[in-house]
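Written out below as structure tokens is the structure these notes cover.
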């Protein structure tokens, strides 16, 4: 019997906190997948500043109660923004949309306390759009002993089937997502056994430290192509001290941008600070790749990079210098007609379908949960 194919919108707001990625996909929640469209909607400065205010003040669990009034207000504004952009897409796209996967904007994540707070009211978004909404993707995984992240590996597994079949990309394959945080998915084969075929880890900062430094010290939002860092000089004394202080990291938990800070470069010039932070980030990403490969006793020849960090040419060059290129090629996933900017929003469209069908979205080898977990909360408010 042919499985039903759902049409879903995926919404993702990343750690850059500058806007919402929106993707429209079709899938049966398993191996069938069709990409329809992607779009990006930038926050107005007022909303972005409010989100940043929350992110900078929600540092410990108790802050969620302390800033509860602000959370409630900004949560509503954020949801209204998402509702507006979804309705614009619904107006332009004439076919029926079945589901919306609403990740929201993470403002606090503490896997030890089993708390992951995202802005975004799924019930309100369902009312605004008159569509079934799936949100709160991380909670059930945390309750089931997981880290609540990363959640995209099962979608990476789906993409690997396409890459292997159409472009003859051989297994094992690493998909390296350099967003605010860097995570890696390692896929070992083409079978339908998600339990055996995928492993994933958060491994390092991605863009978060570099973006924070650039925004704090200039009117720019990020280091385009890595040009600022390339023009600076790496301070190896400060770099090595920072690396030594961070070597206790065991790759055992999900990461949050608050796990890192830029204070160790505060005495440097704008360019030198950016160069040193970029080298620090590249070092940790490289160590994470090595750890993942050694953990699974395999050395993928193909490291396919997605996320905004893949556009930082200087960062990629430093990563390549740190890993053994005889064993690992670093390739932009866009070369295979995939849009590396929108894989996460596509993923949450796909995850919404799996949640609706009561299919697991996280696994012991991806989030460290005790058993395969059906995540997400379904809202129908119309």
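The values are calculated or read from the model by the stated rules, or taken from the named source; none is laboratory data. What you see is a predicted model; the values in this text were computed from it and never measured. Here the Cβ positions follow ideal geometry from the backbone for every residue, glycine too, while neighbour counts run over all protein chains shown.
When restricted to residues that are more than 21 Å from residue 338 (Cβ to Cβ) and not in a strand (DSSP E or B), segment 16-51 contains 11. A residue that is surrounded by fewer than 22 Cβ atoms within 10 Å (Cβ to Cβ), in the same structural domain as residue 355 (by TED's automatic domain parsing) and over 30 Å from residue 252 (Cβ atoms) occurs somewhere in segment 114-126. Counting only residues that are surrounded by fewer than 17 Cβ atoms within 10 Å (Cβ to Cβ) and in contact (Cβ under 8 Å) with a residue 40 or more places away in the chain, segment 1-17 holds 0 of them. Kindly evaluate residue 295 against the criterion of being at pLDDT 95 or above and not assigned by TED's automatic domain parsing to the domain that holds residue 103. No. Here segment 52-70 is the region considered, the condition is being part of a helix (DSSP H, G or I), within 23 Å of the chain's Cα centre (by Cα) and touching a residue at least 40 places away in the same chain (Cβ under 8 Å), and the residue that is surrounded by the most Cβ atoms within 10 Å (Cβ to Cβ) is 54. The numbered conditions (1) buried (at least 19 other Cβ atoms within 10 Å of the Cβ); (2) within 24 Å of residue 290 (Cα to Cα) are all true for residue 141 except (2). Answer yes or no: is there a residue in segment 119-140 that is under 20 Å from residue 72 (Cβ atoms), free of Cβ contacts under 8 Å to residues at least 40 places away in the same chain and in a strand (DSSP E or B). For segment 119-140, residues under 20 Å from residue 72 (Cβ atoms), free of Cβ contacts under 8 Å to residues at least 40 places away in the same chain and in a strand (DSSP E or B): absent.
Among the residues of segment 353-382, which ones are in a helix (DSSP H, G or I) and within 16 Å of the chain's Cα centre (by Cα)?
366, 367
Counting only helices (runs of 4 or more DSSP H) that sit completely within segment 163-276, those holding 1 or more residues that are surrounded by 15 or more Cβ atoms within 10 Å (Cβ to Cβ), under 23 Å from the mean Cα position of the chain (by Cα) and touching a residue at least 40 places away in the same chain (Cβ under 8 Å) correspond to 194-197, 208-217. Give me the residue from segment 323-342 that is farther than 19 Å from residue 179 by Cα and surrounded by 16 or more Cβ atoms within 10 Å (Cβ to Cβ) and, out of that set, modelled with the highest pLDDT. Result: 323. Residues that are in the same structural domain as residue 280 (by TED's automatic domain parsing) and in contact with a strand residue (DSSP E or B) (Cβ under 6 Å, 6 or more places away or on another chain): does segment 206-223 have at least one? Scanning segment 206-223, I find at least one residue that is in the same structural domain as residue 280 (by TED's automatic domain parsing) and in contact with a strand residue (DSSP E or B) (Cβ under 6 Å, 6 or more places away or on another chain), so the answer is yes. Looking across segment 36-50 at every residue that is in contact with a strand residue (DSSP E or B) (Cβ under 6 Å, 6 or more places away or on another chain) and surrounded by 15 or more Cβ atoms within 10 Å (Cβ to Cβ), the one that is nearest to residue 17 (Cα to Cα) is identified as 43.
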